[in-house]
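This report concerns only the one structure given below.
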Ligand SMILES: [Fe+2]
């Protein structure tokens, strides 16, 4: 049946790992919006939740880097990061290899996606799940766009991947939700960690909420790198979520810079028919 | 240039607990398994976080290498700044520094903006 949800959220490891150092007023408002998103998704009773992330060398490396990947396992472990670093305990998450396989086969009609029968969640998935708390009955399907090790697939291919995921989900009988995770502008894990291009972020989210395909795809990677940092490459996941929403307009539930979390912390969704 | 080897070693340490354990007990044997220059090997052994950053190690790998050595977050950021001072700009990769006021000053500016009628959605 048609995709039941398409949303986006931040995933920086500082969101949990450095929580105690953030301005509590902004932090709690952000956490509340994040948890509300989880409640919204649970209320839709999805059979599966696709978490489309921009992972950071937990599974994929420059020895064999897929532009696009989808997990195909009955369970996933994570987070890979030390609990002392991320402040999220390690656990096993439920997957559904058979459902993943059907989703992958349909996605492959238009996008050459890699599949992975093992997948360790990193903060890109574990931080969102920490707040979203999907029901234990809901299977997780991790998906990934390479946003870390250039060369990166162009933005219009990220859009095509989002469209392909939507077509695949719509063609299956299960109720499937999608959450894409990433940062907007940021310079993570560098001496400039905490730097945020606020105006750039607002303009990007304006384009995202308008689901303006041409405007979303008009950035070059050189411009993103210059204006939004190497972390800005992660807008690919937000772009795929917009494509998966098939033209629906977005609602930004929360958006505020939190420097110790290294990004404009964002929670937004596109209500689907 | 063997930046690839440096990054591959860190990647494997990050994701494989057995390799991490070996790195603690037989560090030289682990280092021997990768093609590394003398400078790279020394930077990894020390570890010299600032020099590894300047060499171009991706921050998404390097921050975990720092955490593995119990280097706290703000200390990790400072070591990279010190690396820039000692060794000059980042030589390769996408993780160059571009200049930033710092988290404390940034937080203070945002708090002042909020008091003057902030524009953060959801607040
Ligand atoms: Fe990220």
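The values are calculated or read from the model by the stated rules, or taken from the named source; none is laboratory data. Treat the numbers as computed from the prediction; the structure is a model and nothing was measured. Glycine also receives a Cβ, built like all others from the backbone with ideal geometry; neighbour counts cover every protein chain displayed.
With a requirement of 3 or more residues that are facing another protein chain (nearest Cβ under 9 Å), the helices (runs of 4 or more DSSP H) lying completely within region B:34-123 that satisfy it span B:59-68, B:73-87, B:103-115. If you go through region A:167-193 and keep only what is within 22 Å of residue A:45 (Cβ to Cβ) and buried (at least 24 other Cβ atoms within 10 Å of the Cβ), you end up with A:168, A:169, A:176, A:177, A:178, A:179, A:180, A:181. When region A:56-86 is filtered for residues that are closer than 13 Å to residue A:143 by Cα and more than 9 Å from chain B (Cβ to nearest Cβ), the ones remaining, listed by number, are A:60, A:66, A:67, A:68, A:69, A:70, A:71, A:72, A:73, A:76. Among the conditions (1) surrounded by fewer than 23 Cβ atoms within 10 Å (Cβ to Cβ); (2) at negative phi, the only one that residue A:133 does not satisfy is (2).
Do we have residue A:118 as over 19 Å from the mean Cα position of the chain (by Cα) and more than 16 Å from the ligand (Cβ to nearest atom) here? Spelling it out, it is not the case that residue A:118 is over 19 Å from the mean Cα position of the chain (by Cα) and more than 16 Å from the ligand (Cβ to nearest atom). Taking the conditions (1) out of contact with any helix residue (DSSP H, G or I) (no Cβ under 7 Å at 6 or more places or on another chain); (2) crowded, with 24+ Cβ neighbours inside 10 Å in turn, residue A:196 satisfies each one other than (1). Selection within region A:142-152: residues that are away from the ligand (no atom under 12 Å from the Cβ) and buried (at least 18 other Cβ atoms within 10 Å of the Cβ). The member of this set that is modelled with the lowest pLDDT is A:149.
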